[in-house]
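Worksheet: one structure, shown below.
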Amino acid sequence: MIRGCFPTLCRICGENCGLLVTGHSGGVRLEGNPDHPISRGYICFKAKRYNTVHSSPDRLTRPLLRTKAGWKPLSHDEAMDVLASRLLRHRSMDGAESVVFYTGEALKHQENKALFRHLAFSFGTPNFMSVSSVCHAALDMGYQLAGIRLEEPDLNTVRAVVIWGANPFATHPLLFRRLRNASAKGTPIIGIDPLITPSTRLSDLHLQIRPGTDGFLALAFLSRAIESGIEMPQGNTFLSMGDLLRHRSIDTWLSKTGVESRRFDEACDLLFRNLPVWICPGVGLELNPCGVETIRAIAWLQRVLNSNRPRRRLEARLRALPGSGIYSEMPHPIGKRETPHFVAFKGEGQALFLKNAVLNSDPYPVKAMVIAGGNPMRTFPDTGSQKRMLEGLSFLAVFDLFMTQTAQLAHLILPAADFLETMELHDYGPSGHSLLGLVRPVVTRRTGLTTETFVFELAKRLGLQDRFPWNSDEEAIEERLEGSGVRLEELLASSAAVVRYESTAPSVLDRSFPNRIVPSWGPSRMDLPIDSWQDNSFWLSSGNRSIRFQHSQFRNIPEFATRSAESVLLIHPKAADKLGIRSGNRVCMHTAIGSLVVKARRSKCLREDSLCMIHGEAEVNVNAITRMDHPDPLSGYPWMRALPVRLDLIRET
Ligand code: SF4
């Protein structure tokens, strides 16, 4: 048990609120830290109950090796020896590129990605991959194609806000509070979403759009802006879109969206009278075969609405990892052939294309994988296909907090420390604040290895100690801080666990990116590839988030699970009446790749032509029927939103 009260940072979601942590007989108590300059004492549902996760009896506590007789417990040293020897063996037999390092969200450390990327490239494999394969990168790509960066402005400087395909209530609670305050001060808000959510309830006008048609609505707004004489920004990619705009009418675009003309007119009036406007986009726009082009159109609209006056990009000057950038020549990463733009943009492979490499050695064999804090068995599309891929590996090691579905397929499991047991840096620069924060170990017990220890210990065994020359997390942090103007002692002494920095790294917005991408893409790439539309067909939205969970995390925590009613399929009462469906009835959903039986619940929160189900549930994981067969050509992102499905009532005998 810890004695005293310690400031640290929450690592559950990207808000990174300040926390005060105290010990008690049953574990730890987390409270909001009033000294933290951004969160100012705020703490959400998940963090308040985090002790349920931290002290869960289900936490992995010992490394486990799969043997014919079952799981064999190992010491940490033994486990690291096994891991290193298997990776070295695959490198010598199959080439370094046959080894993949993947990082997910569960360990949630900002440095996590940088460390694993450096480890992978130093080892000689180009196959570093991350959760960016399914989350957020398409948004960034769409915005950079429009020549701007995705960032939140100071809400005091905008006169209206559009919440588009986002539900900050569930995903960014602090942003939701800022939006609520702005609304209370009179800033008008438009919500654009097929669903009624707590975030759209905040809006003055809700456009309940047909799923997957957001790009066409953006084109309708752009057309109206041109008609209204609003100045258009210059740029090659916009000119091609502008040409297309002139050849179609607003009604053509609007008819695809299901938005009534009257409400569209109201929205235009509200937007164009209140420039500058900030569009707050969400990852709901990403997950379909035309996600990036849709987002590009929205980003162009953002330029027209003229509120994206980028602040100077903030980033602490952390010292580079030793030898970073000095890597031996490597083959192309997996995914380069299918989505070269994603690979060039992110500087990493696209994990959704691993299956062919693992099962068919195409374009080359992939034999071994290390997954740190990721659970593709729950969060990736087409679960059956993911399972075949993971089972096809000769060696799978998982480094995580719990025995996830992915860990159950592993040959070696290593328990990870959580954020109360870890020391690491967090830079608030990318979210607009020149603050460096320190996540610090606030409990004496360590259940597993920290990411740093895992990487440093593995690097030593792989002969890469010159790239990771530290013996502890503290040593590494002290060296990384050199040049930032911030010292570790200052961070440790801060009551908020943050220190302001003056010196920032140069901007990294790649202005040549739009011109390197096929500039003539546009509306022709915004239609979903639907072959036919049958009776009982609906648009399924499956990537939605619940405030209780963070991706697939915490779903094994009984308190969270019992308070959740999310493992149901939502259907509008009028659509349900046509099929004779009552709440609690079992229904069967069919897509091109399979069927899923689930309980239905009637809800007026969605359109009559839509269905909604939260992803990542264990018993009825909707990803069993989400699709990889029409990846977005720019990002490779799967089809999890606006997915056509057919629905049947199961008649119980
Ligand atoms: S919003 Fe909640 S989960 Fe996210 S950082 Fe803040 S306290 Fe943690």
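What single numbered condition from (1) touching a helix residue (DSSP H, G or I) at 6+ places or on another chain (Cβ under 7 Å); (2) more than 16 Å from the ligand (Cβ to nearest atom) fails to hold for residue 178?
Here residue 178 clears every test but (2).
Can you tell me which residue within region 86-125, out of those that are out of contact with any Ser or Thr (no Cβ under 9 Å at 6 or more places or on another chain) and under 30 Å from residue 282 (Cα atoms), is least open to solvent (accessible area, probe 1.4 Å)?
108
Filter region 344-361 for residues that are open to solvent by 50 Å² or more (accessible area, probe 1.4 Å) and in a loop (DSSP other than H, G, I, E, B) and give the result.
Across region 344-361, the qualifying residue is only 361.
Name the helices (runs of 4 or more DSSP H) wholly inside region 122-203 in which the number of residues that are out of contact with any strand residue (DSSP E or B) (no Cβ under 6 Å at 6 or more places or on another chain) is 3 or more.
Of the helices (runs of 4 or more DSSP H) lying wholly inside region 122-203, those with at least 3 residues that are out of contact with any strand residue (DSSP E or B) (no Cβ under 6 Å at 6 or more places or on another chain) span 137-145, 168-171, 173-184.
For region 1-77, which fully contained strands (runs of 3 or more DSSP E) count at least 1 residues that are open to solvent by 60 Å² or more (accessible area, probe 1.4 Å) and within 13 Å of the ligand (Cβ to nearest atom)?
In region 1-77, 27-32 are the strands (runs of 3 or more DSSP E) which contain 1 or more residues that are open to solvent by 60 Å² or more (accessible area, probe 1.4 Å) and within 13 Å of the ligand (Cβ to nearest atom).
Those residues that are among the polar types (S, T, N, Q) and in a loop (DSSP other than H, G, I, E, B), I need them from region 370-387; list them, please.
Listed by number, the list holds a single entry, 375.
When you go through (1) open to solvent by less than 10 Å² (accessible area, probe 1.4 Å); (2) farther than 20 Å from residue 88 by Cα; (3) in contact (Cβ under 8 Å) with a residue 60 or more places away in the chain; (4) of a type in the set (A, V, I, L, M) one by one for residue 403, which number turns out not to apply?
So residue 403 meets the others, but not (1).
Just one of 293, 348, 338 is in contact with a strand residue (DSSP E or B) (Cβ under 8 Å, 6 or more places away or on another chain) and either in contact (Cβ under 8 Å) with a residue 40 or more places away in the chain or of a type in the set (Phe, Trp, Tyr) (or both); which is it?
Within the list 293, 348, 338, the selection yields 348.
For residues in region 610-653 being of a type in the set (D, E, K, R) and farther than 20 Å from residue 295 by Cβ, which is modelled with the lowest pLDDT?
The qualifying residue modelled with the lowest pLDDT is 617.
Search region 211-236 for residues being among the polar types (S, T, N, Q) and either at pLDDT 85 or above or buried (at least 21 other Cβ atoms within 10 Å of the Cβ) (or both), and hand back the single one that is nearest to the chain's Cα centre (by Cα).
Filtering first and then ranking leaves 213.
Within region 362-385, can you find the residues that are open to solvent by less than 10 Å² (accessible area, probe 1.4 Å) and aromatic (Phe, Trp, Tyr)?
Passing the criteria: only 380.
Inspect all residues belonging to region 165-174 and state whether any of them is modelled with pLDDT of 90 or more and more than 16 Å from the ligand (Cβ to nearest atom). Please lay out each step first, then the result.
Narrowing region 165-174 to residues modelled with pLDDT of 90 or more: 165-169, 172-174.
Restricting the remaining residues to those that are more than 16 Å from the ligand (Cβ to nearest atom) gives 165.
Looking for residues that are modelled with pLDDT of 90 or more and more than 16 Å from the ligand (Cβ to nearest atom), one finds at least one in region 165-174, hence yes.
Checking residue 620 against (1) open to solvent by less than 20 Å² (accessible area, probe 1.4 Å); (2) of a type in the set (A, V, I, L, M, F, W, C); (3) in a loop (DSSP other than H, G, I, E, B); (4) touching a strand residue (DSSP E or B) at 6+ places or on another chain (Cβ under 8 Å): exactly one of these is not met. Which one?
(1)
Restricting to region 434-462, name every residue that is of a type outside the set (Lys, Arg), open to solvent by 50 Å² or more (accessible area, probe 1.4 Å) and at pLDDT 95 or above.
Within region 434-462, 457 is the sole residue that qualifies.
The values are calculated or read from the model by the stated rules, or taken from the named source; none is laboratory data. A quick note: this is a predicted structure, and the numbers were derived from the prediction, not measured. Neighbour counts are summed over all protein chains in view; Cβ atoms, including those assigned to glycine, are modelled from backbone coordinates with ideal geometry. Remember, those area values only see protein heavy atoms, side chains included, never the ligands or the DNA or RNA. Shrake-Rupley method; radii C 1.70, N 1.55, O 1.52, S 1.80 Å.
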